[in-house]
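Trainee: I have a structure here, written as C-alpha cells, and I will follow up with some questions on it.
The values are calculated or read from the model by the stated rules, or taken from the named source; none is laboratory data. If you're wondering where the values come from, they're calculated on a predicted model, not measured in any experiment. Here Cβ is always computed from backbone atoms with ideal geometry, including for glycine, and neighbour counts include all displayed protein chains.
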Amino acid sequence: MTTQVNIDGLFISSLATSKFEDIDNKKIYEYCMHMYSNNVSNQRSNRNGWQSNNLQPNQTLDELVFKIKNVGDTFFKFMKGKDEWKIELDNIWINVNTPGSYNTSHIHPKSFLSGVYYVKVPKNSGKIHFEHPCRSFTYDWDDSYFDKLNNMNSAGMYYTPEEKRNYLFPSWLAHSVESNNSKENRISVSYNLNLTR
C-alpha cells in the first residue's frame, strides 16, 4: 500500500512580474536620459554606473507609478492583506548601467515591497538575480544533487529582463544584477512601496 505524502510550500518568497505593454516607454526613456545627462550619480548598489536621487512626482512618471501601485495592490491582496492598509509609493529613482557596470547584492530596508521597471535592455546587458532568503541554504544543498534547479532547490533564481517588464518582490529579498556586457546602457527605474492607513 502506498502512503500518501503531502508536501507544503513553507515561507514562500513571491515575485510578481508584469509587462506594461501600453505604457509610453519612449517618454520614460527620454526623461531618464535627461536626468542622466544633467545630474551627478547617487551611488546605492550600482557599481561603475549611475543612479539618480529620489525623484519628485512628475507627469512623466504618473502612468508608471499608477501601474506600479496597481501591481502592488494585487500583490498585497494575494498575501491576504487587510483592507485598512493601502499601498503607496515611498520613493523612486533611475538606474543607468553603463557597459561594464552592475548592481551588488542588496535589500531595501524600511519598505514593504520593492521593484524595478526596465526601460532599455540591450542584449547581454545582464540578468537580475534573486537570492534564497536562507543564507545557510548552500551549506548542505549542492546544485549537483538535482536534475533541474527550481525555486525549491536552488540558492538563487535568474531572470532575463526585457523592455517594459516590471518585477515586484518583498523588500527583504536580496537581489543583484549582473554586469552589463553590451556596448549600450541598460536603463531601469527602481522603487519602494509602503503601507499606509
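Trainee: Take residues that are surrounded by 13 or more Cβ atoms within 10 Å (Cβ to Cβ) and among the aliphatic types (A, V, I, L, M) and tell me which of the strands (runs of 3 or more DSSP E) falling wholly in the stretch 101-197 contain 2 or more.
Mentor: So the answer is 113-120, 186-196.
Trainee: Please specify each residue of the stretch 62-100 satisfying the condition of being charged (D, E, K, R) and either in a loop (DSSP other than H, G, I, E, B) or under 25 Å from K26 (Cβ atoms) (or both).
Mentor: Scanning the stretch 62-100 gives D62, E63, K67, K69, K80, K82, D83, E84.
Trainee: OK, next. Would you mind finding the one in Y191, Y158 that is modelled with pLDDT of 95 or more and touching a Lys or Arg at 6+ places or on another chain (Cβ under 8 Å)?
Mentor: Y158
Trainee: Right, next: What do you reckon, is N150 under 24 Å from F78 (Cβ atoms) and without any contact (Cβ under 8 Å) to a residue 24 or more places away in the chain?
Mentor: Against the criterion (under 24 Å from F78 (Cβ atoms) and without any contact (Cβ under 8 Å) to a residue 24 or more places away in the chain), N150 qualifies.
Trainee: Give just the number: which of (1) within 28 Å of R47 (Cα to Cα); (2) modelled with pLDDT of 95 or more; (3) out of contact with any helix residue (DSSP H, G or I) (no Cβ under 6 Å at 6 or more places or on another chain) does F78 not satisfy?
Mentor: That leaves (1) as the condition not met.
Trainee: Name the residue that is surrounded by the most Cβ atoms within 10 Å (Cβ to Cβ), counting only residues in the stretch 31-68 that are small (G, A, S) and farther than 19 Å from L168 by Cα.
Mentor: G49
Trainee: Residue check, D83 against (1) of a type outside the set (S, T, N, Q); (2) modelled with pLDDT of 95 or more; (3) under 15 Å from the mean Cα position of the chain (by Cα), all met but one. Which one?
Mentor: (3)
Trainee: Out of curiosity, is S182 more than 19 Å from the chain's Cα centre (by Cα) and at pLDDT 95 or above?
Mentor: yes
Trainee: In addition: Could you grab me the full set of residues in the stretch 77-109 that are within 18 Å of T17 (Cα to Cα) and in contact with a Lys or Arg (Cβ under 9 Å, 6 or more places away or on another chain)?
Mentor: I87, L89
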